[in-house]
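See below for the structure under consideration.
The values are calculated or read from the model by the stated rules, or taken from the named source; none is laboratory data. Remember, it's a predicted structure, so these values are computed and weren't measured experimentally. Quick reminder, even Gly has a Cβ in these numbers, built from the backbone with ideal geometry, and neighbours come from all protein chains shown. Heads up: the accessible areas ignore ligands, DNA and RNA and are worked out on the full protein's heavy atoms, side chains in. Shrake-Rupley method; radii C 1.70, N 1.55, O 1.52, S 1.80 Å.
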Amino acid sequence: MSTPLAEKYLRVDRLPHIWCRGCGHGTVLGALMRALDEVEADMDRTVVVSGIGCASRAAGYFNCDGLHTTHGRALAFATGVKLARPELRVVVITGDGDLAAIGGNHFIHAARRNIEMTCICFNNHVYGMTSGQHSPTSPRLSLAPTAPYGHIERDFDLCELARVAGASYVARAATYQARSMARLIARALRQQGFAFVEAITQCPTYYGRRNRLGSAADMLRWQKEHTVDVARARQLDPAELEGKIVVGELHRADWPEYTRAYAELVARVREEGTS
Amino acid sequence: MPHEPGVRLMQGNEACAEGALAAGLDFFAGYPITPSTEVAEFLAERLPRTGGTFIQMEDEIASMAAVVGASLAGARAMTATSGPGFSLKQENLGFAALVEAPCVVVNVQRQGPSTGLPTSPSQGDIMQARWGTHGDHPAVVLAPWSVHECFDLTVTAFNLAERLRIPVILLTDEVIGHMREKVTLPDPSSIRRESRPRIPPRTPGALPYEDRHSDVPPMAVFGDGNRAHVTGLLHDRRGYPIGPGPEAAALIRRLQAKVDARRSELAMVHGEMLDDAEVVVVAVGCVARSALRAVRLARQEGIAAGFLRPITVWPFPEERLARLAEEVRGFVVPEMNLGQLVYEVERAVRGRAAVRAYSRVDGNLITPEEVLGALREVARP
Ligand SMILES: Cc1ncc(C[n+]2csc(CCOP(=O)(O)OP(=O)(O)O)c2C)c(N)n1
């Protein structure tokens, strides 16, 4: 991946990456890289924060300040970074287990505070790093080493969760549509407030193999057949949307942003203190 | 603007918060828990007025994480908690130790285990403060015995945290945290502030963990344009992950050596009546107050009693104890747990003198009379 763009945004000395053949995480990394380029991100003033998992290893590939933290806690660490230096751009990279299981509490509260950061969840529907156990986004009845008889729990809709928790921007894209994913991430990077992008990505090694979904190419084809753009989804009735994944920009709202609200509070308190 | 200098009546928790401000605190993240909550409440009021940041996070795990994140972005950062909250902070405390993020963690001890006796004092976290997080890691733990010392040692905690790039724990307890005493606050300008070694902005070829010139590598603070990679994986000088081998061992040994190499400076003690002592009471925190009283009462009875208070619990002042062990008949170690400090005393004494443990775990402070009773037993066997 030694293109001029990669030279500019990635630690090329860290490549090749650690991900398996056919894994979609590299596609999401590429989309984020192009989005950073589109918004002309200053990489001296960008911090990429991640948790633990295959997805979270992406933080180590970006050529900027990077913080690879503990499992599930990326958003909480990122909150500290952003509050200490609000002028920095903070991007959080996380997996579906990292974000929605162990880190679920931090997810809803970062969204509720609407603190400015761009959170990208690489959703491969399993715990990739620990070899495919079920995650909060594993579909009902899917198979996993910790659900050998079929997973009986319901899965989380991460975008819906982000929206109701108070995020300013919510979008979803899949790896088969990498261009549109980059575009949606770029919009997230421009948003004032907490911006969330769910990137649906394939894990042929664990999820695909265990559930007999075929090769990476087969899994991408599956994505194409099961995704519906949000504009078109609005014209379909619930029965037609059954089993479909809605992609595109799902939500945007302009709530007060946390670091700005805090700066206003400080200004007000200090003014009162001197008068 | 920190405090006005002068005499004030204040609570231990407040003195701790005041000390933090005097030490240049600019970031606090916490989660309410008795008996530490006053630290957060006090800072919620004061920090915005100094232009600093206060945030109540969603739990203690998040508070610790936010503190480390802020520290890596250059802030002088602190959190405060008790019992269950201290347990929750452990994983990210280890992260702070490994990535060398300076920070201060206040643990106002309460009686455990679990929810225990939430409003009662304890010293049950002496070992957790040293070994609570998994893996080998450096630890500096300071234990004040008065309100005034809460102020002073919080300043010390910040300075050590910054200079050594380590998390420093201030280990107090419900008695010290809630007690009110007279404190003489020094002129803020007289308080020495040490800062972490830091790589200048945009230094070409900067390595975030360059340890060839000092055992405390200068920090590549986020946003300074040095593009640091910081990870909880074992890492090389560039901050990049490494596998098993000599480099991994060298990192773990260096982290521990930052404290070991400075033991004599770090291991502070307070001793009284030790010159001719035959029996020495070793106690920390609130129990040391009863212990000193007991030593004075023992002297009135003609017992040659002495008093030794580790101000620094970790690294434990074992050299001092070892020297005393050559001279005295025995030690009494009263503590509000089933025996934690006493292990360290025994380790330092190595059988050269008697060591008598005295435990109390009913949630009440050990009295001077109880310590005196134990002293008599060792002095007149
Ligand atoms: C506290 C803690 N618990 C468990 C683990 C083990 N662990 C590492 S990664 C991971 C799951 C990662 O899954 P996900 O977030 O979905 O990311 P992916 O690997 O699929 O990209 C787990 C459980 C850990 N490192 N820390």
Taking the Cα centroid of segment A:49-106 and of segment B:22-92, what is the distance between the two, rounded to the nearest whole Å? 19
Within 10 Å of the Cβ of an average residue in B:44-57, the count of other chain Cβ atoms is 4
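Percent of Cα-Cα pairs more than 17 Å apart in segment B:63-177, please.
Numbers: 3260 of 6555 pairs.
Summing the P(r) of segment B:63-177 above 17 Å gives 50 percent of all pairs.
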Suppose we look only past 34 Å in the calculated P(r) of chain B. What percent of the Cα-Cα pairs does that tail hold? 28
Over all Cα pairs of chain A, the Kirkwood radius sets Rh, and Rg/Rh then becomes 0.98
When the helices in the protein assembly as shown are scored as -39500 (n - 2.57) per DSSP H run of 4 or longer and the sum is shared across all residues, what 222 nm value do you end up with, to the nearest 500 deg cm²/dmol? -11500 deg cm²/dmol
Rg (one decimal) and Dmax (whole number) from the Cα set of segment A:1-93, in Å, equal 12.8, 39
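Show me the ranking of peptides A:81-94, A:13-26 by mean Cβ neighbours inside 10 Å, starting with the highest. Each step should come with its number before you reach the end.
On the way: A:81-94: 24.7, A:13-26: 16.7.
Ranking, from highest mean packing down: A:81-94, A:13-26.
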Once you place label points 7 Å from the Cα toward the Cβ at B:ARG262 and A:LEU241, how far apart are they in nm? 5.9
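Work out, step by step, the length gained on full extension between A:ASP42 and A:ASP13: first 0.36 nm times the residue separation, then minus their alpha carbon distance; give nm to one decimal. It would help to have the intermediate numbers written out before the result.
Numbers: separation 29, 0.36 × 29 = 10.44 nm, distance 2.01 nm.
Extending this stretch completely gives an extra 8.4 nm.
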For A:GLN133, distant residues with modelled amide H under 5 Å away: A:TYR127
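Per residue, how many Å² of accessible area does the protein assembly as shown show with a 1.4 Å probe? Mind showing how you got there, number by number?
Working: 25360 Å² over 656 residues.
Counting only protein heavy atoms, the per-residue value for the protein assembly as shown is 39 Å².
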Over the Cα atoms of segment B:270-379, what Rg and Dmax result, in angstrom? 12.2, 35
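Based on DSSP loop calls and a cut-off of at most 10 other Cβ atoms within 10 Å, the longest stretch of chain B free of exposed trypsin sites (Lys or Arg not before Pro) is what? Intermediate values should be presented prior to the final figure.
On the way: sites that count: B:ARG192, B:ARG212.
That gives B:1-191 as the longest site-free run.
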Protein accessible area in segment B:6-190, 1.4 Å probe - carbon and sulfur %: 52
Would you please state the base-10 log of I(q)/I(0) at q = 0.26 1/Å for segment B:1-65, with intensities from the Debye formula using one equal scatterer on every alpha carbon? -1.20
Radius ratio Rg over Rh of the protein assembly as shown, counting only Cα atoms, Kirkwood formula for Rh: 1.03
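For chains A and B, what's the summed buried accessible area, probe 1.4 Å, to the nearest 100 square angstrom? Please report the intermediate quantities before stating the final value.
Numbers: alone 13550 and 15230 Å², together 25360 Å².
In total, this chain pair buries about 3400 Å².
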GNM flexibility winner over chain A from A:ARG163, A:ARG260, A:ARG57 (Cα, springs under 10 Å): A:ARG260
Rg followed by Dmax, in Å, when segment A:131-275 is reduced to its Cα trace: 19.8, 71
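Among A:SER50, A:SER215, what's the order by accessible area (1.4 angstrom probe), most exposed first? Intermediate results must be reported in sequence, preceding the final value.
Values: A:SER50 0, A:SER215 55 Å².
Descending order: A:SER215, A:SER50.
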Compute the long axis of helix A:258-274 from its Cα atoms, compare it with the longest principal axis of the Cα atoms of chain A, and write down the angle in degrees, 0 to 90, nearest 10. 20
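If contacts are Cα pairs under 8 angstrom and at least 6 residues apart, what is the relative contact order of chain B in percent?
Working: 876 pairs, mean separation 60.3, N = 381.
Relative contact order for chain B comes out at 16 percent.
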Checking the cross-link filter: which lysines have an alpha carbon closer than 24 Å to that of A:LYS224, excluding same-chain neighbours under 8 positions apart? A:LYS244
Accessible area of chain A belonging to carbon and sulfur atoms, whole % at 1.4 Å probe: 51
